[in-house]
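The values are calculated or read from the model by the stated rules, or taken from the named source; none is laboratory data. Note that the structure is a prediction, hence the values are computed from the model and not measured. All Cβ positions, even for glycine, are placed from backbone atoms using ideal geometry, and neighbour counts span all protein chains on display. Heads up: the accessible areas ignore ligands, DNA and RNA and are worked out on the full protein's heavy atoms, side chains in. Shrake-Rupley method; radii C 1.70, N 1.55, O 1.52, S 1.80 Å.
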Amino acid sequence: MATLLRASGACQKAASAAQARTFASVAPAAASSRSHKVVVVGGGTAGMTVSHQLLRTGKFTQDDIAIVDPAEWHHYQPGWTLVGGGLKNKEDLRQSLTELVDPKLKFYNEQVGAFTPEENLITLSNGDKVNYEQLVVAPGINVDTSTIKGLPEALADPKSFVSTIFKYDTCDKASRNIKDFKKGNAIFTHPAGAIKCAGAPQKIMWLASDHWQRAGLYNYNDPASSPINISFATGLPVMFGVPKYSATLEALRKERNVEGLFQHDLVEINGDTAIFARPDGADKVTKKFDLLHAVPKMGPYAFVKNSALADQAGYVDVDQATLQHKKYVNVWSAGDASSLPTSKTAAAITAQAPVLVSNLLRRMNGQEVEAGYDGYTSCPLLTEYGKVLLAEFKYGGVPKETFGRLFDQATPNRAFYYLKKDFFPWVYQNYMVKGRWGGPSGFIR
């Protein structure tokens, strides 16, 4: 903890001392250069971390490694909760992808059209073909607002009190809605199915409830007399998937008198009415709202889901311990697009990337891969302004805590709050995506 807090205090100093870098080339490649030792699909958290960790091994020269991603910007998406809570500006949490990619890497600023793993090549959306010796598939997942009928229109309406922190364009709308809301029913939703950071839907709820409590609009002890009522509608049967932390969050929900609507999956918005599906074909439930924070369903992109690399659910089908594809031995995956049965977070990638990099190199050297990933992931769960519950766990929902000997991590803590608000954004942008941060393992030389 002391090491992390000292590093946090040095954030601004180190950032200001950073040297200028040249940009990766995005010019069309000559045909002879469209063959690479490693092709990484995705310039998000997993793709950038893996590609830069590979480069830092010193085993690759100019353009040996290529990154494929159509985006203009790389976003620190865990920070969008902070934007929704009024703690950060969203513009400060994005970086030019061209600038972020190391100049020794080849950058194809294109979408993937198709995978042909039998021939070790991918086809780009412009028709170009790129060959590889090793392929890392890490494009993330799609946050699809169209999965909730009426949500795209409600989000686009600047006058509506409907928002989501899961999109760059609307994460700051959540902050405005929370600050402007004075009276009525506020509903925060969590969908059934896999999503990015399973704690985020309630993080923004806890921040909103704390804001309204401080503003005199919500009384934890006497909600009936308060101008605002709060409901948490989740497609899950519990507050959180890990029992240790779920117990704390359920106690907090009851303590703050937040209505729990369990196994309520938002499927439609019609004016000021939210419509929820119920399990086992039960009748849908309708509920009026005056403010709605909606979380869309998420899933694999079509170019992954419809490929030979996908499992039945559409995710890249990899071994959960080695991150190697179960059929194609020179294909790998990490992050949200992978089939790894753990929570999809940036913290998970800090543990996945070193295992993938090590095993990819072992494969290139003709060695057997090693089972090194145990499912580690983490969710720094904001419970109010000034406190965070730091959930850390591995496969099976078993806690794997960095500071467990010092703190009960299920108890919201002020020190963890500053890690979430200040240290993690800084270390992510300056070290992690450049291949130099290993999460609980610390800095990578």
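Remarks
- Subset of region 254-272 (residues that are open to solvent by less than 80 Å² (accessible area, probe 1.4 Å) and not in a loop (DSSP other than H, G, I, E, B)): Glu259, Gly260, Leu261, Phe262, Asp265, Leu266, Val267, Glu268, Ile269
- Residue satisfying condition, being buried (at least 21 other Cβ atoms within 10 Å of the Cβ), more than 19 Å from the chain's Cα centre (by Cα) and β-branched (Val, Ile, Thr), within set Val304, Val316, Val331: Val331
- Yes/no for Ala351 being touching a residue at least 60 places away in the same chain (Cβ under 8 Å) and either assigned to a loop (DSSP other than H, G, I, E, B) or over 29 Å from Gly150 (Cβ atoms) (or both): yes
Matching residues to (1) touching a strand residue (DSSP E or B) at 6+ places or on another chain (Cβ under 7 Å); (2) among the β-branched types (Val, Ile, Thr); (3) outside any strand (DSSP E or B); (4) without any contact (Cβ under 8 Å) to a residue 24 or more places away in the chain:
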site	(1), (2), (3), (4)
Asn126	no, no, yes, yes
Val130	yes, yes, no, no
Gln134	yes, no, no, no
Pro139	yes, no, yes, no
Val143	yes, yes, no, no
Pro152	no, no, yes, yes
Ser160	no, no, yes, yes
Lys167	yes, no, yes, no
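- Search result, residues across region 195-210 that are in a helix (DSSP H, G or I) and not aliphatic (A, V, I, L, M): Pro201, Gln202, Lys203, Trp206, Ser209, Asp210
- Remark: pairs (first residue in region 402-417, crowded, with 17+ Cβ neighbours inside 10 Å; second residue part of a loop (DSSP other than H, G, I, E, B); Cβ separation under 6 Å; 6+ apart in sequence or on different chains) = Phe403/Met1; Gln409/Glu401; Asn413/Phe407; Tyr417/Gly386.
- In region 369-394, the residues that are outside any strand (DSSP E or B), over 18 Å from the mean Cα position of the chain (by Cα) and farther than 18 Å from Val136 by Cα: Asp374, Tyr385, Gly386
- Selected residue [in contact with a Gly (Cβ under 6 Å, 6 or more places away or on another chain) and on the phi < 0 side of the Ramachandran plot] from Ile228, Ile187, Ile204, Ile195: Ile204
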